[in-house]
Amino acid sequence: MIVSPNPHIHASVSTRSLMLDVIIALCPAVIVSFLYYGLSEIAIMAVSVASCVVLEWAITKYMLKRPSTTGDLSAIVTGILLAMNLPPTCPLWVVFIGALVAIAVAKMTFGGIGQNIFNPAITGRVFLLVSFPTFMTDWTVPAGFISNVDAFSGATLLGQVPVLGALEADKLVGLQTFFRNIGGSAGEISALALLVGWVYLLVRKVIKPWITLSIFATVAVIAAVFHLCDPAQFTGPLFNLLTGGVILGACFMATDYVTSPMSTWGGVIYGFGIGFIVMMIRYFGSYPEGMSFAILLMNMAVPLIDMKFHQRKYGRK
Amino acid sequence: MSKITFAIGGVHPDDAKLSRGCAIEVLPLPETLYVSMAQHLGAPAKPIVAVGDKVRTGQVIAEPGGFISAFVHSPASGTVKSISPRKDLAGNNVTHIEIAVEGDEWVDGVDLSNTLVTDIPDDRQFILDRIKACGVVGLGGATFPTHVKLNPAPGSKAECLILNGAECEPYLTSDFRIMLERTKEIIVGAALMQKVLGDVRTVIGIEENKPEAIEAMRKALAELPYKGIEVLPLKKKYPQGGEKQLIQAVMHREVASGGLPISVGAVVQNVATSLAVYEAVQKNKPLITNVLTVTGNCLPTERQHNYLFRIGMPLSYIISVAGGVPEGAAKLVSGGPMMGRAIANPDAATVKGSSSILYLSESSTRRGTESMCIRCGRCAQACPMGLEPFLLRRLYAAGDLAALEANAVQDCIECGCCLYSCPAYIPLLDHIRQAKVQVMGVIRARNAKK
Amino acid sequence: MNPILIWTVVILAGLGLVLALVLFFIAERFKVEEDPRIEQIEKTLPGANCGGCGYAGCHAFADSAVKASDLSAHFCPVGGNDVMKKVSAILGYAMVEKAPQIAVVRCNGTCAVRPRINDYDGAESCRVKAALYSGDTGCAFGCLGCGDCVRACEFGALSMDPATGLPVVDQEKCVACGKCVKACPKTLIELRAKGPRGMREFVSCRNTDKGPAAKKACANACIGCGICVKTCTHDAITLENNLAYIDFAKCKLCRECEAMCPTGAIHGVNFPKPLDKAGIKERIAKRNAQAVADKKEVNNE
């Protein structure tokens, strides 16, 4: 007979099941990106996921010489997120380099799942953004399965702010952007699709809403204050929420278990930090967006936040 | 839907009360009984009979071995065959008195009738003495001697008696069955303890997955003359029946770290203890029986049972009466699946606090392969004491006892919520329990120095 | 020349000079005067910081040795007599020689002789397992097999043998620091004198159950029969709580107990020849017969 210390039963949850839930939650946005960007996006997704999984398997087997961890599906999540963060025209070899940085540098050098300081997918993306700016800011829209004649090409909405001015740019954002926002990383076409996935994660109790809500609130408040002061120079809250990967980052990248704080209040502070840095980069920095940089910077602060913020303990003040 | 529950953490396992419909059956006496001297928390009892002595049912066979200890009575009439070490359910040697059963002849002065005695004696000390003489201990799991708990140290004042009918552990139904079948006796027992504590407010907390018990209790309370006793339906959430959690749910007070419930004016007693108090005081009947659930997820419905057993019956005897170990059972547990102890030795004898024999299938109980912590924080969200199990485990691995103490490892109630909810199957509680033992040792050594 | 360059060089050089002076004065101000012998002793010590001597590390040992009036309470088990000779020379104290020791595992309940009745599914730790129950076999005293001793050993001298499920001590690597002794919740590991050329005789069992119970749980258990006590002509074996124990100081390594033990609980290691069971038994039988004859003679006279 089996003998073990208590408890003798276990919740029906495992690392694998959690990662599977994240994959399911990403599906709506992935499908929308396939519909709009067609075969080229499917190829990027396939290369990204396949390279992440194969790289992790190879590193655990041949370099670390320990049981493979690909079964926990976290490499697939990284692969999907990386592909969603790239422009739909990105050459496939660049995608592979992104996967290499994400898995080999950002994840496995720290010891694999649970040990990494930086979000692997974002690290991969930022590496590509700095190394291959031409590919990474080529927002030409390839042929998709749905006609997208009204699409812009050449620059993202945020990229057009210096060209058009804040007042004109604000007018480009409306209700339709919420459903369909062409121009930008492949994964952020539809805010709706992303939010549906986020709500799924909340319903399945995979994540808590505090980090995401804190980012949204911070971005909205800072944008509102600046916009009210000078609408001609600073874009408004709605514009900033719906563009430049804020939703994708806040729902799926900032909420990554490994690189976010454990406690509720820690999460709120972390979210505030991301929102604040994003807005500072957008208003005063040279990069038009900045979500990736904001998340990476706040990733560094997580150990500190975890040291400072704890849960309320029973019977202690 | 009741909203009343504890404030921090908790988990929601499937309650799986498969044997809730099974009425209590009386187990026949076996040929031999083995009465453990470690039936309760505290010092083991000391045998006062010799080999060859004739004993009668209910006769004292061992007396308390210290201040925190209890009397043990013979569960049947017969001859003392041996007094020797025997393996308990963990396989460790404990002194047992072996009794060759010859019948069921009770000692004199015990009321064996079923008549309900509702008059509460005026003398508080009389009630306490009866509880002590009848060897009553807490039957909610800890088996702490009841007379000690009901007699708080001078200077502390009880304000509320909480009767624990939460039975938050999945599978177990013994408390549920006695609440249905011995409703009035439990309430009289509560009234007796209420009297001892000085007519305090009394709350019977029952999780709302047992509506029949709540209904039965309310009906019985209306028919009985006692004042200040109420039924409080609680939300179904584990560990609702934990002493500190129940106090938080009912009184909105928190017992300070290292403190006793009485420090916030609370005394918590299990419903089964209340029944034992009733029998001890009103019937002069010592605690030699209790109700035990035979259940499990690999046991067909018709083989689920709630049994009234005599202490000292070997678990293997009860298993064979109940039709043997079912096919597919991979683990035997005594107690609930969250806090119960795995049975390493099925020949072990039942004790006062035995509450179940639980058969669990391989797939439901085998732990998954341990993998890396993904920092999901589920253990911290689940901990009803607000601890951070992931951190405690890391500190234990580093051997940092000072940091463990600073992070309150000694507050752990070992409820198992952390390991239950860990997606990486990290044996959090296994390590934290060891850390707790070491830190408690440091604290005790420090206190001894002062 | 470019004035910016000159200024840069000047400022940096000045900064370097100022900081160097600050560092120098701080180092002077907070200098700790230490007995130079402490450093000397520390250099002779193995530097493993294992704590086998009972002090927090090699520095703590050296510090305390310098303050002590003799070396009776200071012995480095890792360095052994060689290192202690040097230490005593530094301090000018008399050398306290100790017989070299080695860790000995006192359980020989291999998988083959000790039937498993339970299947452990908890954390891989002897401590956790011991707190939970008596172990996977019927023996409540034997090795739990989770390898806490192996993890405790800082010298890589212990390893689990997958065939027997018991820890094995590497005699070359073991320095008798005693970490494993503390790590074992069943106190199975004992530091025993290494013996001449490593030869030693010991009871490899800790079971204090009565004979039949012990035998049922493990075929190799000491059943407390006392044959070894009767056999031993050197009065080296004691029997307590159904368990025999060999006092190394008295043992003459004759191997008679080992040959007579009915369960094989007594182990002799590093002997040049394999145990000649029949020969020893014959020798004992002859000696006993002689003793009986002598007794008769005495009676007849």
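Some points to look at:
- Filter result for A:LEU213 (open to solvent by 30 Å² or more (accessible area, probe 1.4 Å) and either within 14 Å of chain B (Cβ to nearest Cβ) or free of Cβ contacts under 8 Å to residues at least 40 places away in the same chain (or both)): no
- Residue check for B:LEU275: more than 14 Å from chain A (Cβ to nearest Cβ), more than 22 Å from B:ARG86 (Cα to Cα), of a type outside the set (S, T, N, Q) and assigned to a loop (DSSP other than H, G, I, E, B): no
- Members of the range B:51-65 that are assigned to a strand (DSSP E or B), touching a Ser or Thr at 6+ places or on another chain (Cβ under 7 Å) and open to solvent by 10 Å² or more (accessible area, probe 1.4 Å): B:LYS54
- Screening the range B:340-350 for residues that are surrounded by fewer than 23 Cβ atoms within 10 Å (Cβ to Cβ) and not basic (Lys, Arg) and picking the one that is farthest from the other protein chains (Cβ to nearest Cβ) gives B:ASP347.
- Condition met for C:CYS257 (part of a helix (DSSP H, G or I), of a type outside the set (Lys, Arg), surrounded by 12 or more Cβ atoms within 10 Å (Cβ to Cβ) and in contact with a strand residue (DSSP E or B) (Cβ under 7 Å, 6 or more places away or on another chain)): yes
- Summed over the range C:261-284, residues that are free of Cβ contacts under 8 Å to residues at least 40 places away in the same chain, surrounded by 15 or more Cβ atoms within 10 Å (Cβ to Cβ) and not in a helix (DSSP H, G or I) total 1.
- Among the residues making up the range B:15-47, those that are in contact with a His (Cβ under 8 Å, 6 or more places away or on another chain) and either among the hydroxyl-bearing types (Ser, Thr, Tyr) or crowded, with 19+ Cβ neighbours inside 10 Å (or both) are B:SER19, B:CYS22, B:TYR34, B:VAL35, B:SER36, B:MET37.
- Answer residue from the range A:273-301, given it is buried (at least 21 other Cβ atoms within 10 Å of the Cβ) and either in a loop (DSSP other than H, G, I, E, B) or within 14 Å of another protein chain (Cβ to nearest Cβ) (or both) and is modelled with the lowest pLDDT among those: A:GLU289
- Evaluating A:GLY244 against the criteria (1) touching a Pro at 6+ places or on another chain (Cβ under 9 Å); (2) within 29 Å of A:LEU18 (Cβ to Cβ); (3) in a helix (DSSP H, G or I); (4) open to solvent by less than 30 Å² (accessible area, probe 1.4 Å) leaves one unmet condition, (3).
- The range B:361-450 holds helices (runs of 4 or more DSSP H) entirely within its bounds, and those carrying 1 or more residues that are at the interface with another protein chain (Cβ under 7 Å from one of its Cβ atoms), in contact with a Phe, Trp or Tyr (Cβ under 9 Å, 6 or more places away or on another chain) and not hydroxyl-bearing (Ser, Thr, Tyr) map to B:378-382, B:417-421, B:428-449.
- Condition broken by C:ASN108, with the remaining ones in (1) within 14 Å of another protein chain (Cβ to nearest Cβ); (2) touching a His at 6+ places or on another chain (Cβ under 9 Å); (3) under 26 Å from C:ILE223 (Cα atoms) satisfied: (1)
- Qualifying residue in the range C:78-93 (condition: open to solvent by less than 30 Å² (accessible area, probe 1.4 Å) and either within 14 Å of chain B (Cβ to nearest Cβ) or assigned to a loop (DSSP other than H, G, I, E, B) (or both)): yes
- Apart from one condition, B:ILE68 fits all of (1) touching a helix residue (DSSP H, G or I) at 6+ places or on another chain (Cβ under 9 Å); (2) outside any loop (DSSP other than H, G, I, E, B); the exception is (2).
- In the range A:254-272, residue farthest from the other protein chains (Cβ to nearest Cβ) [restricted to those that are crowded, with 24+ Cβ neighbours inside 10 Å and in a helix (DSSP H, G or I)]: A:GLY271
- Lone qualifier among B:LEU332, B:LEU358, B:LEU308 - being within 14 Å of chain C (Cβ to nearest Cβ) and in a strand (DSSP E or B): B:LEU332
- Answer from C:GLU42, C:GLU28, C:GLU33 - the residue that is away from chain B (no Cβ under 14 Å) and either part of a loop (DSSP other than H, G, I, E, B) or among the aromatic types (Phe, Trp, Tyr) (or both): C:GLU33
- Test: residue in the range B:317-326 that is open to solvent by 50 Å² or more (accessible area, probe 1.4 Å), outside any loop (DSSP other than H, G, I, E, B) and away from chain C (no Cβ under 14 Å): yes
- Residue that is surrounded by the fewest Cβ atoms within 10 Å (Cβ to Cβ) [pool: residues in the range B:403-417 that are without any contact (Cβ under 8 Å) to a residue 60 or more places away in the chain and of a type outside the set (Val, Ile, Thr)]: B:ALA406
- Any hit, the range B:385-402, residues being open to solvent by less than 40 Å² (accessible area, probe 1.4 Å) and under 22 Å from the mean Cα position of the chain (by Cα): yes
- Residues of the range B:180-203 classified as open to solvent by 10 Å² or more (accessible area, probe 1.4 Å) and either under 23 Å from B:VAL333 (Cα atoms) or among the polar types (S, T, N, Q) (or both), total: 2
- Any hit, the range B:437-444, residues being open to solvent by 10 Å² or more (accessible area, probe 1.4 Å) and within 27 Å of B:LYS331 (Cβ to Cβ): yes
- Taken together, the residues in the range B:164-179 that are within 14 Å of another protein chain (Cβ to nearest Cβ) and open to solvent by 10 Å² or more (accessible area, probe 1.4 Å) amount to 4.
- Residue in the range A:304-317 that is nearest to A:ALA166 (Cα to Cα), counting only those that are within 14 Å of another protein chain (Cβ to nearest Cβ) and without any contact (Cβ under 8 Å) to a residue 40 or more places away in the chain: A:MET307
- Considering the conditions (1) more than 30 Å from B:LEU180 (Cβ to Cβ); (2) part of a strand (DSSP E or B), B:GLY42 is excluded by exactly one of them, (2).
- Residue within the range C:120-135 that is part of a loop (DSSP other than H, G, I, E, B), more than 19 Å from B:ALA397 (Cβ to Cβ) and either open to solvent by 50 Å² or more (accessible area, probe 1.4 Å) or assigned by TED's automatic domain parsing to the domain that holds C:ALA221 (or both) present: no
- Here A:LEU20 passes the criteria (1) surrounded by 21 or more Cβ atoms within 10 Å (Cβ to Cβ); (2) within 14 Å of chain B (Cβ to nearest Cβ); (3) not small (Gly, Ala, Ser) except the one numbered (1).
The values are calculated or read from the model by the stated rules, or taken from the named source; none is laboratory data. No experiment lies behind these values; they were computed from the predicted model shown. Cβ: placed from backbone, ideal geometry, glycine included. Neighbour counts: every protein chain shown. Note: accessible area is taken over every heavy atom of the protein model, side chains too, but ligands, DNA and RNA are not part of it. Shrake-Rupley method; radii C 1.70, N 1.55, O 1.52, S 1.80 Å.
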